[in-house]
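Written below as structure tokens is the structure these notes are about.
The values are calculated or read from the model by the stated rules, or taken from the named source; none is laboratory data. Note that this is a predicted model, so its numbers are computed, not measured. FYI the Cβ positions are ideal-geometry reconstructions off the backbone, even for glycines, and counts take in every protein chain you see.
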Amino acid sequence: MTVEAHKESHGFQTEAKQLLHLMIHSLYSNKEIFLRELVSNASDAADKLRFEALSKPELLAEDPELRIRIEFDREEGTVTITDNGIGMSRDEVIENLGTIARSGTAAFMQQLTGDQKKDAHLIGQFGVGFYSAFIVADKVDVFTRRAGLDTDQGVHWECHGEAEYSVENVEWPQRGTRVVLHLKDEAKEFADGWRLRSIIKKYSDHIAIPVEMLKEQAPAAEGEEKEGEDKQAPEFEAVNAAQALWTRPRSDIKSEEYKEFYKLISHDFDDPLTWSHNRVEGKLDYTSLLYIPARAPFDLYQRDAARGLKLYVQRTFIMDDAEQFLPLYLRFVKGVLDSNDLPLNVSREILQKDRNTDAIKSALTKRVLDMLDKLAKKDADQYQKFWDLFGNVMKEGPAEDFANKDKVAKLLRFSTTHTDEPKQDQSLEDYVGRMQDGQKAIYYVCADNFATAKSSPYLEVFRKKGIEVLLLTDQVDEWFVGHMHEFDGKPFQDVAKGALDLGEAETDEDKAEREKVEKESGALVERVKEVLEGRVEDVRATTRLVDSPACLVVSEQDMGPQMRRILEQAGQALPEAKPIFELNPSHPLVQRLDQEADEDRFADLTNILMDQANLAAGNQLADPADYVRRLNTLLLELNA
Ligand code: ADP
């Protein structure tokens, strides 16, 4: 049968082209990772073949020993990586090597700045892969044949860098993939046996199949001719340990090995923050190796982004991104689960129904939470790093995972009125430890940012009394506090909601003052009510303010402004909720207002106070020009 070569050229998908460009021009600081990435792909290909062979054993039959071979040619300046894994069909080659299928990639690529340093950092969130070949090569040939296809169904993919690539069918005798890297001049150093061996040892020691290189021949002494040397077939030997890392006892594994294994499975440049490796025997029988990354992926907030663990059953790879074993709020965890309980033919559908899945999920969830708790206790700096990266995701925990609400709550970190910088580094336990005698609630204020929160008028009385308040500045905060309800038996209380209630932190003096203020301001409150009729739910005098004349509060049963904004952005029609206008009768402006006999002037002043209260709460004015006009009229009177 003749091979229809059918050679054709293709342009790369835009995003693939951008990624390629970056690989070629920006990632020069750690060139050697190209080998880790290509070996990792080869190892995945072997895993996939073994998995398909579970139902189609004939795929493996002709060549059952899965392995990866690395060869080099110093004169040609090439490095070649060959696997006998699953291989690719022509369509798969075009799909896999010409496009990037991950959703959100286009948006991610738009963030690239052209600044090499910054972009190299960004790409770490994305994970380098096959294109890392172009860090060291200016031309790449891929020869591949999908397992199960005939020898004339081989494919040759060829690419000289950014512009385009070509594919053609070729006769290809063996199953699997061969990647030939034609090294750039400045990367010729990699065509070296010693160098390659040391890179393999460093990055790929613990992939489960052998990574082989030609045995190094001792140079023959002069005049000494080795017998039959020319006829000897080249002999390969394994360079790596070829034992899956997680199957070894914990005590035998060095930190460095754990770190390299993480990079192998995650395609991350950086070390993980921490990890936890456990063998569980008994009712359930599995091994897990879970990592907390030191970098957030670009698609952390994309609903359909790939997440989850690499699933093995009895050391056979089953699938990537098995998301059934961890809750969504722990989606940043990377790692491996090797189960002895699940069936080898397990699919995503079966996983969903298997009762072992839930049991393992709940055990792994606890494992991750404990690992984080340990990190927090052992290394506050590292924990802070974790929180800054994944804190917002952790806040989804109380809503998603009611059973572990208290464990999650202990891991949360906040800015409070006790913090000077916009840093979330105070735990709820810290807060509770500093609560005042008689203080019953954990107080919080929501605002768009730290500065607004910190200077919020609602905090004035709390500051005066030395009561700490949590400053919540993330969009999810109000929503998540709504699910927390309480911590350590203490309810959460929004300081901008409902009437001021300091509980028993209110002294007899405070109480007397409050009652006096309420009584004496009766008439003023009534006048203000008339002016603001229709715009507010109610008007009342307050002792919550010290330096501010007035503020707006939301009534107890209404949702706060943050929550409102989230729902409005999501397109929900919400019933109108009017705020309560609170006046501080001890403020000179309010006293001045009280004495104003002219009703028009009184209305002007009232409206200004109302608008200012809105501004201080971080709201937008319905009629800013009106506010400016009133204020300017007053300013002019200053000169008169
Ligand atoms: P990733 O591995 O993250 O999916 P890569 O860019 O490294 O991304 O590879 C893209 C795809 O190309 C892989 O998902 C795989 O389907 C295919 N591929 C890469 N290398 C090989 C190989 N050696 N054998 C078979 N398929 C491969």
Selection from the range 413-450 of residues that are without any contact (Cβ under 8 Å) to a residue 12 or more places away in the chain, within 20 Å of Asp388 (Cα to Cα) and not in a loop (DSSP other than H, G, I, E, B) = Asp430
ask   = Is the range 617-636 home to any residue that is under 21 Å from Thr543 (Cβ atoms) and crowded, with 16+ Cβ neighbours inside 10 Å?
value = yes
note = Ile318 meets each of (1) surrounded by fewer than 14 Cβ atoms within 10 Å (Cβ to Cβ); (2) in contact (Cβ under 8 Å) with a residue 12 or more places away in the chain; (3) over 23 Å from the mean Cα position of the chain (by Cα) with one exception, condition (1)
request  = For the range 187-207, state whether one or more residues are away from the ligand (no atom under 16 Å from the Cβ) and assigned to a strand (DSSP E or B).
outcome  = no
task = Go through the residues of the range 145-163 one by one and say whether even a single one is aliphatic (A, V, I, L, M), crowded, with 17+ Cβ neighbours inside 10 Å and within 12 Å of the ligand (Cβ to nearest atom).
result = yes
key: Count of the range 239-269 residues which are closer than 16 Å to Val39 by Cβ, out of contact with any Phe, Trp or Tyr (no Cβ under 7 Å at 6 or more places or on another chain) and free of Cβ contacts under 8 Å to residues at least 60 places away in the same chain   = 6
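Please pick out the residue among Phe134, Phe126 that is within 14 Å of the ligand (Cβ to nearest atom) and farther than 27 Å from Phe317 by Cα. Give the steps one after another, and end with the answer.
Details: Phe126 fails: farther than 27 Å from Phe317 by Cα.
None of the others qualify; the one that does is Phe134.
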inquiry  = Quick check on the range 35-45. Is at least one of its residues of a type outside the set (A, V, I, L, M, F, W, C) and surrounded by fewer than 17 Cβ atoms within 10 Å (Cβ to Cβ)?
reply    = no
ask   = Before we move on, is Ala16 touching a residue at least 40 places away in the same chain (Cβ under 8 Å), under 23 Å from Val211 (Cα atoms) and of a type outside the set (D, E, K, R)?
value = no
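Please tell me if Tyr165 is closer than 21 Å to Glu37 by Cα, of a type outside the set (Asp, Glu) and within 26 Å of the chain's Cα centre (by Cα). Can you show your working first?
Numbers: closer than 21 Å to Glu37 by Cα: yes; of a type outside the set (Asp, Glu): yes; within 26 Å of the chain's Cα centre (by Cα): no.
No: the conditions fail for Tyr165.
Quick check, is Val155 in a strand (DSSP E or B) and either closer than 25 Å to Ser266 by Cβ or without any contact (Cβ under 8 Å) to a residue 24 or more places away in the chain (or both)? Please lay out each step first, then the result.
On the way: in a strand (DSSP E or B): yes; either closer than 25 Å to Ser266 by Cβ or without any contact (Cβ under 8 Å) to a residue 24 or more places away in the chain (or both): no.
Against the criterion (in a strand (DSSP E or B) and either closer than 25 Å to Ser266 by Cβ or without any contact (Cβ under 8 Å) to a residue 24 or more places away in the chain (or both)), Val155 does not qualify.
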query = How about the range 1-112: which strands (runs of 3 or more DSSP E) wholly inside it have at least 1 residues that are more than 9 Å from the ligand (Cβ to nearest atom) and of a type in the set (Ser, Thr, Tyr)?
reply = 8-11, 78-83
request  = Quick one: count up the residues across the range 506-537 that are out of contact with any Lys or Arg (no Cβ under 6 Å at 6 or more places or on another chain) and outside any helix (DSSP H, G or I).
outcome  = 6
key: Filtered residues of the range 244-269 (kept if away from the ligand (no atom under 16 Å from the Cβ), surrounded by 14 or more Cβ atoms within 10 Å (Cβ to Cβ) and assigned to a loop (DSSP other than H, G, I, E, B))   = Ala244, Arg248, Ile253
request  = Take the range 364-395 and flag every residue that is among the acidic types (Asp, Glu) and within 16 Å of Arg413 (Cβ to Cβ).
outcome  = Asp373, Asp379, Asp381, Asp388
task = Please state which one of Leu97, Leu59, Leu122 is farther than 22 Å from Phe298 by Cβ and either assigned by TED's automatic domain parsing to the domain that holds Gln174 or modelled with pLDDT of 85 or more (or both).
result = Leu59
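Every residue, every condition in (1) among the small types (Gly, Ala, Ser); (2) under 26 Å from Arg331 (Cβ atoms); (3) touching a strand residue (DSSP E or B) at 6+ places or on another chain (Cβ under 9 Å), yes or no:
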{"residue": "Arg250", "(1), (2), (3)": "no, yes, yes"}
{"residue": "Glu260", "(1), (2), (3)": "no, yes, no"}
{"residue": "Ser266", "(1), (2), (3)": "yes, yes, yes"}
{"residue": "His277", "(1), (2), (3)": "no, yes, yes"}
{"residue": "Thr287", "(1), (2), (3)": "no, yes, yes"}
